[in-house]
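Below you will find the structure I want to go over with you.
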Amino acid sequence: APRAGPEAVHDIVWMLYKLAKRSNMARSWILETGIAEILHAALVVHPDASDVIKNGTWLAYALDGIRGFASLLSKSRGGSPGHVAVRSALAWSMYELARGEREESGAQPRPEAASMIALLVEAISQATTASDALWVCCSALDAMVHGKPRLGLVFMEHSGGPLLLRMLKSGRNMGAEGVDFREALAYLCASLADGSARIADRLRSEGVVHAIIEDGICNSACAGRDVEALMWSLGVLGGLGAVLDVMVAQGMRQPAVLRGGVLAICECAWHAVSDKEELARLPIALRMLLEVYQREEAAGSKMRDCTKALGSVIACLAPHVAPGSVPDLDRGVEVLLARFQVEPISSPGSCVGLGKEEREDLSKSDPTSIAAEVAAEAIGRIALFASEWRQALRSCGTLEALTRWIRCGKAPRRLQKYLFWAAGAIAGLPFVTAEMQLHMNTPGVIDAGLCTIIDILDDDIDGEYSLVGVERGADADMSLLLMIVVDTMRANTGAAEVQARSGHCVSLLAPLASQHVLQEAAPVAIVALISAARRFPRRGDVVRGTCCALRTLCSLARCSSTAGLEHGSAVRESIVTALQNEGAAECMDEIIGSFSTGLTNADLLEDATAVIALVQGVEVVLGKLEEEPKSSALRAAGLKALFEVGRADIGIFVGGAAATAARTCAKVQAEESDDPTS
């Protein structure tokens, strides 16, 4: 093979690769021939035949897994073109495995991450490893250790700190060709430090922060995205103080330092909330950002990153500083509000004839809309975190500015959601109610309003966009809003996202509405909900919203009747009649048939089963569960539904339902007991 041409070698390698993947016996036979030495000899004599080298490395893996990679690497430690090419191919192969871009599902199991890290470190350590291979190794390591502190410690145990210092120095000598490598190296440093305070302390003690500054940021060859990445890494490792010091020292000479510093401040600002020393540096960061903002605005630059950093710093300072007490903070809020003085460029007329993706691309390319989006998010967070600032924002015309943008007809849908979210953080549900009444036939605006209702009312949402503590309004407002949501469903029957979120909102608003309104609105809502599920039978979000809302309405019908509330019997009668007339149980059966598989459908199946139990009775559900194969998703969801429904109203197990349920559970338990996955 070493004397054969690259085409012949490629054919042989490819044939052996296929055999090794398909047959364990063939793999054993091939290994017994001493293939490792033969394969390496065949690869190194064809350094320019990329397909031969690439497929040869995968043949080594198919034959002996990670040990096959290790064998090739141990034989390729020289500086000849063949050895360098094999190391580069091995680096690329491990990169694909680490990022999950290639699934070798043949005879070999997934390699142990610790072994992969050891091989990548060895590949990097070779002095003659090519720059592109170094980049690949760093990217693979970053993919492996990101969010996994245990693997980060494995890297550090392989002399990770000194290796990072050596690579930073190597990157300094690569010039403009080392941009990709320096960028990947910076993100690797950040991932290591971000995942573990212990690793961050070790990296700082070994001088990595100093090396990032001296060998990276201050390197004259660094001038673009590599510097921005290095500044981000500096923020993670060195904190806000280190970022500000470098921005002051280098920012005027290197615009990339300012850009990277702005991005790093976004992250550092949120970490500063729990660190008094870092919090004390935020006013300095605010002053610097205002200077950068003024400079960038005068140059006509895109303002997204600077606006985002400014908003992050202000949102972190606002809970500690009252309005009017720090001029820079007031000025910063004014800068954010100024983003709403001009309207977005894109408009419905400019999108005529364009597809969905093209319209989204158009909105993303509008710098005015992009800057307004991050400004709206920042304003919302200021209002959410500091009640004094919430009132100050209301009194200075913020709501009026947001309203102009909502009503201008030019804001992209994503921006509409941020505008509503910010306004909701300031003024709560009354604002959302008023705006939705004005835009009943505008799906983009309605969708944004529905999202804000969910952010305010759904107590199960525990994310960064949850609007906890904002004004909800009186009980009458909830009843009015329920009717508005139902009307929006009827007015936007072709908008799947509106139908889906409306179902979610009905499930949140119905328990808060008056009995009188519920008697009128519930039947109309049931018609709209079931129609939506039948119009979009394959849209999981629409079906999920329908099931959730119907379950709530069914539960309310029982509660209204059994609790003896005023209008209770009338509410029950109106809901039950609508459910029967619209074939709610049959609709739930259709939904279960379409979504009965998949772990992600558990909540949907639980809601659908609960509706059937509440409409047709427990015995119907129990019969379905007995017919289901063991370990099915529907069995688990159905049993949970019966438990939750019974816990809320034990009266549902009247007559012989309790005995039937006990027999069914015993039967299911006996069938599932020998299945460890059940």
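Going by the conditions given, is L290 surrounded by fewer than 22 Cβ atoms within 10 Å (Cβ to Cβ) and at pLDDT 90 or above?
Working: surrounded by fewer than 22 Cβ atoms within 10 Å (Cβ to Cβ): yes; at pLDDT 90 or above: yes.
When the stated conditions are applied, L290 passes them.
Let me ask something additional. Could you grab the pairs with beta carbons closer than 8 Å, sequence gap of 6+ or different chains, first residue in the range 158-183 and over 16 Å from V121 (Cα atoms), second one among the hydrophobic types (A, V, I, L, M, F, W, C) and not in a helix (DSSP H, G or I)?
R172/A221; M174/A221; G175/A221; A176/A221; G178/A221; V179/C222; R182/M174; R182/C222
Next question, about the same structure. Does K630 satisfy being modelled with pLDDT of 85 or more, open to solvent by 70 Å² or more (accessible area, probe 1.4 Å), of a type outside the set (S, T, N, Q) and under 23 Å from S594 (Cα atoms)? Spell out how you get there, then give the answer.
Working: modelled with pLDDT of 85 or more: no; open to solvent by 70 Å² or more (accessible area, probe 1.4 Å): yes; of a type outside the set (S, T, N, Q): yes; under 23 Å from S594 (Cα atoms): yes.
Answer is no for this residue.
Determine, yes or no, whether L605 is more than 23 Å from F536 (Cα to Cα), at pLDDT 90 or above and not in a loop (DSSP other than H, G, I, E, B). Quick ask: steps written out before the conclusion?
On the way: more than 23 Å from F536 (Cα to Cα): no; at pLDDT 90 or above: yes; not in a loop (DSSP other than H, G, I, E, B): yes.
Against the criterion (more than 23 Å from F536 (Cα to Cα), at pLDDT 90 or above and not in a loop (DSSP other than H, G, I, E, B)), L605 does not qualify.
Among the numbered criteria (1) within 22 Å of the chain's Cα centre (by Cα); (2) closer than 23 Å to V468 by Cβ, which one does S387 miss?
S387 satisfies every listed condition except (1).
Now for a different question. What number of residues in the range 33-70 are closer than 20 Å to Q126 by Cα and open to solvent by less than 30 Å² (accessible area, probe 1.4 Å)?
The qualifying residues number 6.
Does C505 count as open to solvent by less than 10 Å² (accessible area, probe 1.4 Å) and under 23 Å from the mean Cα position of the chain (by Cα)? Reasoning before the result, please.
Numbers: open to solvent by less than 10 Å² (accessible area, probe 1.4 Å): yes; under 23 Å from the mean Cα position of the chain (by Cα): yes.
Criteria met by C505.
Okay, next question. Given the criteria part of a helix (DSSP H, G or I), out of contact with any Cys (no Cβ under 9 Å at 6 or more places or on another chain), open to solvent by less than 50 Å² (accessible area, probe 1.4 Å) and β-branched (V, I, T), does T552 qualify? So that I can check it myself, show each step before the final result.
Values: part of a helix (DSSP H, G or I): yes; out of contact with any Cys (no Cβ under 9 Å at 6 or more places or on another chain): yes; open to solvent by less than 50 Å² (accessible area, probe 1.4 Å): yes; β-branched (V, I, T): yes.
Yes.
Of the residues P323, P319, which single one is open to solvent by 10 Å² or more (accessible area, probe 1.4 Å), modelled with pLDDT of 90 or more and outside any helix (DSSP H, G or I)?
Numbers: P319 fails: outside any helix (DSSP H, G or I).
On inspection, the qualifying residue turns out to be P323.
Which pairs turn up if I take residues in the range 382-403 that are over 24 Å from M436 (Cβ atoms) and open to solvent by 50 Å² or more (accessible area, probe 1.4 Å) and look for partners that are of a type in the set (K, R) and modelled with pLDDT under 95 with beta carbon separation below 7 Å, at least 6 apart in sequence or on another chain?
Pairs that qualify, where the first residue is over 24 Å from M436 (Cβ atoms) and open to solvent by 50 Å² or more (accessible area, probe 1.4 Å) and the partner is of a type in the set (K, R) and modelled with pLDDT under 95: there are none.
Within the range 29-88, can you find the residues that are basic (K, R), touching a helix residue (DSSP H, G or I) at 6+ places or on another chain (Cβ under 6 Å) and assigned to a helix (DSSP H, G or I)? So that I can check it myself, show each step before the final result.
If we filter the range 29-88 for residues that are basic (K, R), which is where we start, we get 54, 67, 75, 77, 87.
Add one more test, that the residue is touching a helix residue (DSSP H, G or I) at 6+ places or on another chain (Cβ under 6 Å), and what stays is 54, 75, 87.
Residues satisfying the conditions are K54, R87.
What's the total number of residues in the range 459-485 that are touching a Ser or Thr at 6+ places or on another chain (Cβ under 8 Å) and under 18 Å from A448 (Cβ atoms)?
4
What tally of residues in the range 1-28 results from selecting those that are aliphatic (A, V, I, L, M), surrounded by 14 or more Cβ atoms within 10 Å (Cβ to Cβ) and part of a helix (DSSP H, G or I)? Steps first, please.
Looking only at the range 1-28, we keep the residues that are aliphatic (A, V, I, L, M), and these are 1, 4, 8-9, 12-13, 15-16, 19-20, 25-26.
If we keep only those that are surrounded by 14 or more Cβ atoms within 10 Å (Cβ to Cβ) as well, we get 1, 4, 9, 12-13, 16, 19-20, 26.
Pick out the ones that are also part of a helix (DSSP H, G or I) and you get 9, 12-13, 16, 19-20, 26.
Final tally of qualifying residues: 7.
Among the helices (runs of 4 or more DSSP H) contained in the range 117-209, which hold 3 or more residues that are of a type in the set (G, A, S)?
Values: elements: 131-145, 149-157, 160-172, 179-195, 197-205.
Ranges flagged: 131-145, 160-172, 179-195, 197-205.
What number of residues in the range 461-477 are farther than 22 Å from E377 by Cβ and either modelled with pLDDT under 85 or not in a helix (DSSP H, G or I) (or both)?
Of the residues in that region, 4 qualify.
Identify, by number, the condition in (1) in contact (Cβ under 8 Å) with a residue 24 or more places away in the chain; (2) open to solvent by 10 Å² or more (accessible area, probe 1.4 Å); (3) on the phi < 0 side of the Ramachandran plot that A608 doesn't meet.
(2)
The values are calculated or read from the model by the stated rules, or taken from the named source; none is laboratory data. All of these numbers come straight from a predicted model, not from anything done at the bench. Virtual Cβ from ideal backbone geometry, glycine too; neighbours counted across all protein chains shown. Please note that ligands, DNA and RNA were not included when accessible areas were found on the heavy atoms of the full protein model with its side chains. Shrake-Rupley method; radii C 1.70, N 1.55, O 1.52, S 1.80 Å.
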